[in-house]
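Note sheet for the following structure.
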């Protein structure tokens, strides 16, 4: 029954810096690996619509280009390796099944890059969705293990691809939990989230606490089924 | 990158019943095991203030009575076994360390009762809080394993004990994720949450998906440290 305010059990380390003072990220090129999937395409669309330069990555360059052309807004398509090489920030939106293999193959291209993992390792059976348990603890920690020279963060887990892709929806009414080891990196991710109207990036801990954020999607799927909704999350009191 | 609306991967089973049609629970007696701790006391206070009959349970009857007298509002105190026996609904708010032992000893008294586990198994070190991994998967699943004759649910994980206990705060601005196997049981828990002004109970899946809900408290503690807040959660679009 540890309450949420049990922070007194750990040393206070909050820097004096205003946590809402975030960098200007408008000039960064955003790559989306797995950008032809629903979630990747939805994120690509929202960032492009917000004025960000976006490159969709796919295993097949032609599929990436087709998806990019469909989105318009200056979005480009490229094979995954080129997408990674040309981007400043790379969102990993591939299916969990191909996650490790895809990242391992891109280690060099992703070196030095800010990587944002948004993969949710889930299984499905007749009772619905459930959390898978990656050996490394989470998809994000797997990415960090496979990409020692990248700046790995995790975010954008709790979004509805349906809402992201619907052009009639102006605002994405949700907070984005951002996890990572370095404040400079999580600040960039939070700033990127804030580019999308209605969306806000909230720092929510280190990568070792990514598993529960990733697998909470199983719960949101239960919410969606019960309430026929596209559920998201807001963090209160911040 | 499974998006939150991937419900299509599982068979649709949503009953036609309005998910917000909840039973009248105003006559139920609410017991709080571990009611002398911060979280338990805070919950006892909120339910008593909402007009619910509340019994605080503790290993020591005199400590329970002292806590009950401090709260007023007709709250009673009793040794854990008596608290369980006299209550219709029993909230488990004991420290994780004593969770299994406490419940095992109360198996008979909790037989047939609706049990609401709100325990968050967390560890703390100099980097803050992190999720522990109970052998059964979660505190709630441990409770279900130890209490085969009880109706075990899980809820009330993401609340700030500071806010719950502050009498100047009229509304608790947060949703409560409610997990369980039987709709009749989770409906009661949702109705109970709704007794507290500002609070809303939202069904969020089966007990096998309790671990991420319990351990998300580690993330909320990170939020609290960064933003000097008492963070809670709201589910959007429901």
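Within the stretch A:107-115, can one find any residue that is assigned to a helix (DSSP H, G or I) and crowded, with 21+ Cβ neighbours inside 10 Å? No, there is no match, as no residue in the stretch A:107-115 is assigned to a helix (DSSP H, G or I) and crowded, with 21+ Cβ neighbours inside 10 Å. Has the stretch B:112-122 got at least one residue that is more than 12 Å from chain A (Cβ to nearest Cβ) and within 26 Å of residue A:220 (Cβ to Cβ)? The answer is yes, given that some residue of the stretch B:112-122 is more than 12 Å from chain A (Cβ to nearest Cβ) and within 26 Å of residue A:220 (Cβ to Cβ).
Farther than 17 Å from residue B:161 by Cβ, at pLDDT 95 or above and in contact with a helix residue (DSSP H, G or I) (Cβ under 6 Å, 6 or more places away or on another chain), is that true of residue B:33? No; evaluated as a whole, the condition is false for this residue.
Among the residues of the stretch B:27-48, those identified as in a loop (DSSP other than H, G, I, E, B) and under 13 Å from residue B:78 (Cα atoms) are B:34, B:35, B:36. Quick check on the stretch A:92-102. Is at least one of its residues surrounded by 22 or more Cβ atoms within 10 Å (Cβ to Cβ), on the phi < 0 side of the Ramachandran plot, in a loop (DSSP other than H, G, I, E, B) and in contact (Cβ under 8 Å) with a residue 12 or more places away in the chain? Looking for residues that are surrounded by 22 or more Cβ atoms within 10 Å (Cβ to Cβ), on the phi < 0 side of the Ramachandran plot, in a loop (DSSP other than H, G, I, E, B) and in contact (Cβ under 8 Å) with a residue 12 or more places away in the chain, one finds at least one in the stretch A:92-102, hence yes.
Looking only at residues in the stretch A:167-178 that are at pLDDT 95 or above and touching a helix residue (DSSP H, G or I) at 6+ places or on another chain (Cβ under 9 Å), the one that is farthest from residue A:20 (Cα to Cα) is A:167.
Every test in (1) in contact (Cβ under 8 Å) with a residue 40 or more places away in the chain; (2) away from every other protein chain (no Cβ under 11 Å) is passed by residue A:108 save one, and that test is (1).
Out of the residues in the stretch A:198-238 meeting the condition of being part of a strand (DSSP E or B) and within 7 Å of chain B (Cβ to nearest Cβ), tell me which one is nearest to residue B:219 (Cα to Cα). Top of the filtered list is A:203. Does residue A:43 count as under 27 Å from residue A:212 (Cα atoms) and either within 14 Å of chain B (Cβ to nearest Cβ) or in contact with a strand residue (DSSP E or B) (Cβ under 7 Å, 6 or more places away or on another chain) (or both)? Yes; evaluated as a whole, the condition is true for this residue.
When the stretch A:165-197 is filtered for residues that are surrounded by fewer than 19 Cβ atoms within 10 Å (Cβ to Cβ) and at the interface with chain B (Cβ under 7 Å from one of its Cβ atoms), only A:173 remains. Residues in the stretch A:194-225 that are out of contact with any helix residue (DSSP H, G or I) (no Cβ under 9 Å at 6 or more places or on another chain) and closer than 17 Å to residue B:234 by Cβ: A:198, A:220, A:223.
When restricted to residues that are away from chain B (no Cβ under 14 Å) and either under 12 Å from residue A:147 (Cα atoms) or touching a residue at least 60 places away in the same chain (Cβ under 8 Å) (or both), the stretch A:76-91 contains 2.
Going by what's in this entry, would residue A:217 be described as under 27 Å from residue A:109 (Cα atoms) and modelled with pLDDT of 95 or more? The answer is no for residue A:217.
The rows are residues; the columns are (1) more than 14 Å from the chain's Cα centre (by Cα); (2) within 21 Å of residue B:20 (Cα to Cα).
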site	(1), (2)
B:149	yes, no
B:182	yes, yes
B:187	no, yes
B:208	yes, no
B:215	no, no
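The values are calculated or read from the model by the stated rules, or taken from the named source; none is laboratory data. Values in this document were obtained by computation on a predicted structure and should not be read as measured data. Cβ atoms come from the backbone with ideal geometry, glycine included; neighbour counts cover every protein chain shown.
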